[in-house]
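Okay, structure first, notes after.
Any read-out appearing in this document is the output of simple, stated calculations on the displayed coordinates, not a laboratory observation. Fair warning: this is a prediction, and the values are worked out from it, not measured in the lab. Here the Cβ positions follow ideal geometry from the backbone for every residue, glycine too, while neighbour counts run over all protein chains shown.
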Amino acid sequence: MAKRTTTVKKTAVKYKIGDVLLVRWFDAHNHESGWEELKDLKPVPCEAFTAGFFLMQTEHELILAGDLIKEGTCTNTRMCIPLGMVKEVKKVHNAE
């Protein structure tokens, strides 16, 4: 099987690596399973909140980490949030 490669285009951002952000966004979700009449379908957005250390922003996503070593060289528990789903970003702490 051929290995897939992806080019990541970073975009200009106003955050520094290690800034702590609180992101409000809408996540994809599914409705209860089973047959349902279309007229009875009531879409409800799944509002989510994620807090984490800013790592980077690409053309399509915001990338945060749940854990960051002080020197900023290693991360753990990374989260990639599609920018089209992001509704609000608040910086709650500056990187040291």
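Annotations for the structure displayed:
- Farthest towards the positive end of the charge dipole of the chain, among the residues GLY34, PHE54, ILE81, is the Cα of PHE54, using unit charges on the Cβ of Lys, Arg, Asp and Glu.
- Per-pair calculated FRET efficiency, R0 = 41 Å: HIS31 and HIS93 via Cβ, rounded to 0.05: 0.65
- Net charge dipole size for the chain [Lys, Arg +1 and Asp, Glu -1 on Cβ; Debye, nearest 20]: 520 debye
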